[in-house]
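In what follows, a structure is listed as structure tokens, so that the remarks can point back to it.
A short reminder: the numbers here are calculations on the coordinates, not readings from a lab. Since we're looking at a predicted model, the values are computed, not measured. Cβ: placed from backbone, ideal geometry, glycine included. Neighbour counts: every protein chain shown.
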Amino acid sequence: MADPSSYRPKPGQIPDSPGVYRFRDEHGRVIYVGKAKSLRSRLSSYFQDLAGLHPRTRTMVTTAASVEWTVVSTEVEALQLEYSWIKEYDPRFNVKYRDDKSYPSLAVTLGEEFPRVQVMRGPKKKGVRYFGPYAHAWAIRETVDLMLRVFPVRTCSAGVFKRSAQIGRPCLLGYIGKCSAPCVGRVSPEEHRELAEEFCDFMAGRTGAYIRRLEQQMHDAAEEMEYEKAARLRDDIEALRRAMEKNAVVLADATDADLIAVAEDELEAAVQIFHVRGGRVRGQRGWVTDKVEAVDTAGLVEHALQQLYGEESGDAVPKEVLVPALPEPVEPVAQWLGERRGSRVDLRIPQRGDKKDLMATVQRNAQQALVLHKTKRASDLTTRSRALEEISEALELDSAPLRIECFDISHLQGQDVVASMVVFEDGLARKSEYRRFQIKGFEGQDDVRSMHEVIGRRFRRYLREKQKAGEWSEENAVETAEEENGHAGPVDARTEDGRPKRFAYPPQLVVVDGGQPQVAAARRALDELGIDDVAVCGLAKRLEEVWLPGEDDPVVLPRTSEGLYLLQRVRDEAHRFAIAYQRSKRTKALRSGPLDEVPGLGETRKKALLKHFGSVKRLRAATVEQICEAPGIGRKTAETIAAALAAAAPPAPAVNTATGEIMEEAGE
């Protein structure tokens, strides 16, 4: 625990101007980002008597080891920079909302030549117009099914579209009138795009004028005695009205607004958002967060606005945003929203009428979401806490192992030996921290030596990061200059200014898949590096025994123990991850051929060669001049290919076991 006075800036050093500040811990990681109208006033408030600080603020300032700031011109710039840094550094003490589910949206891919209507989840893509999000995907599909009668826009995948174009026949929707069949040229790209834009206009709330136009067309057709056309238009109008009825009018003045409500307690907060377009609720979503910083309702609203509109622009930001409490000060936030939209945005608290009534409905949804979240999480949190406490007691640790790393070795008869490292934090898998290794220190099968190598490599990287941060003295530093060429997992490297780096976080507990020999190898690797504050244990598969270094007898946890169950989950996840990596390497090796050994020959030119000659056998028999005739192959490359194929021994011919006939190597 750090003393805030040890890193408190000197008097007069902090400027009295708007800015954004960052607190860093002893490892240099950014743990909190904040903004202030006056940096001097705000930062000074953190360095008062610890007894006068909020408990969460007190935890943050005692965890931090330094503070720095950036001066900006206006409070709007401070808001923008704060949002960017929170997204970049993911500080542990900042409020971070998480979606309680992946909400589906109705999407129209206007960026394609023939726009497609479909259900989409996940991050928004460029060139796609979104409506929603909605609570259920089936609700979107029902609405689309009704509207395709009037707006027969393409809904098929790229593969189905291409296939229909090749065979010259549309899919079933084209035959029943729910697709205009642009795949076979029934409508031009321009006509189909006009249909898609009309679909978007209708979904955006501009419904009245379109229905009135259809009604006029229906009356005109009836007057001209085109009764079939009039009946079709009548059915179209009825379909559109049924689609509209799925979203009842909640605001009579055709308002475009987002309503945000917050329900909170001392530890958590839930946010609910209703998206109202054209006076109708067009979408709903919700977030839940842990209150890791001292924040009031206005602060939660501000964080919600940043997350909701930080990546949006144009009409995605409505003209009106209704909230339960206004951020303080409100002017920079309103100006920032206006810049995102491109015009004025009214940010206010509803006081009376339909908007206040609707806000009450949103508030009830937020309260129900918080209750549901706490009900779901209570048993899970209790179970995980009990599991960590049981592990701590069984292994006689000083505290619960909040970060556990597990290592496993995998190979196939001593070939392609690989290792995995999986990470569990607070009893939950943290897949972004998973790592994979190739064993390169020796050849053959030796799980004990492999475990020693992997543990040593992982913690050498940890010591290297500590040394860079100035936490590991030169005289105590171990030689860490070797490159981890065996690392083949996802890279989470970050820069020197505080973003997390690979292997920078030490675990409280290392679990190895195995018994006494593997545990002894892991402990020996840590001792050689001078690391004595990381506990080690092994979990043997046969009897699910927990082994500790230097102990002749295992620790036996009850079969019903939550701690044993958590260790099993960690071990099984490491085993799965190692097996998956080993199989992927084996599959890649089996797919390799003689052309893979030709230096400088990429996938594109390999495919071109095989397409030109038909097989490796014919390519091997070709002359240099004939190889030069293949697309993209020059004479020097052709000579290299001919030499490589001549040096490689041809595979044994395939034999038909029924007839004894030697088969043609067409598959080469």
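Using only the alpha carbons of the range 1-64, what is the convex hull's orientation-averaged projected area in square nanometres?
One quarter of the hull surface, i.e. the mean projection, equals 4.2 nm².
At 0.890 mPa s and 25 °C, plugging the Kirkwood radius over alpha-carbon pairs of the range 253-303 into Stokes-Einstein gives what diffusion coefficient in µm²/s?
206
Counting only Cα, what are the radius of gyration and maximum Cα-Cα distance Dmax of the range 37-94, in Å?
Considering the range 37-94 through its Cα atoms, Rg and Dmax are 12.7, 34 Å.
Label the range 263-368 by shape, choosing from rounded, prolate and oblate, from the square roots a ≥ b ≥ c of the eigenvalues of the Cα gyration tensor; if a/c is under 1.5 it is rounded, and otherwise prolate applies when a/b is larger than b/c, oblate when it is not.
oblate
Let me see the P(r) profile for the range 1-132: every Cα-Cα distance counted, bins of 5 Å, each bin given as a percent of all pairs.
Bin by bin from 0 Å, the calculated values are 2, 9, 16, 15, 15, 10, 7, 7, 7, 6, 4, 2, 0.
Regarding the range 360-461, what is the average projected area of its C-alpha convex hull, in nm²?
The orientation-averaged projected area of the Cα hull of the range 360-461 comes to 10.2 nm².
Multiply the residue separation of THR70 and ALA239 by 0.36 nm, subtract the distance between their alpha-carbon atoms, and state the gained length in nm to one decimal.
Taking 0.36 nm per residue and subtracting the Cα distance, the gain is 55.2 nm.
So how much slack lies between GLU190 and ARG169, counting 0.36 nm per residue of separation and subtracting their Cα-Cα distance, in nm?
Here the segment from GLU190 to ARG169 would lengthen by 5.5 nm.
Which whole-number percent of Cα pairs in the range 379-425 have a distance greater than 11 Å?
Cα-Cα pairs in the range 379-425 separated by more than 11 Å: 72 percent.
Report the Cα centroid-to-centroid distance between the range 420-435 and the range 142-208 in angstrom, as an integer.
The two parts, judged by their Cα centres, are 45 Å apart.
Please go through the range 264-353 and write out the trypsin sites (Lys or Arg not before Pro) that DSSP classes as loop and that have at most 13 other C-beta atoms within 10 Å.
Loop-located and lightly packed - ARG344, ARG352.
Dividing the alpha-carbon Rg of the range 123-204 by 2.2 N^0.38 Å yields what?
1.14
For ILE176 and THR604, calculate 0.36 nm times their separation in residues minus their Cα-Cα distance, and state this gained length in nm to one decimal.
Roughly 149.8 nm would be gained on extension.
Mind putting together the pair-distance distribution for the range 515-580? All Cα pairs, 5 Å bins, whole percent per bin, short to long.
3, 17, 23, 23, 20, 12, 2, 0
Sequence gap at least 6, Cα distance under 8 Å: using those rules, report the relative contact order of the range 335-426 to the nearest whole percent.
Averaging sequence separation for qualifying contacts and normalising by length gives 16 percent for the range 335-426.
Work out the length of the dipole vector of the range 1-80 about its Cα centre, built from +1 on the beta-carbon of each Lys and Arg and -1 on the beta-carbon of each Asp and Glu, and round it to the nearest 20 debye.
80
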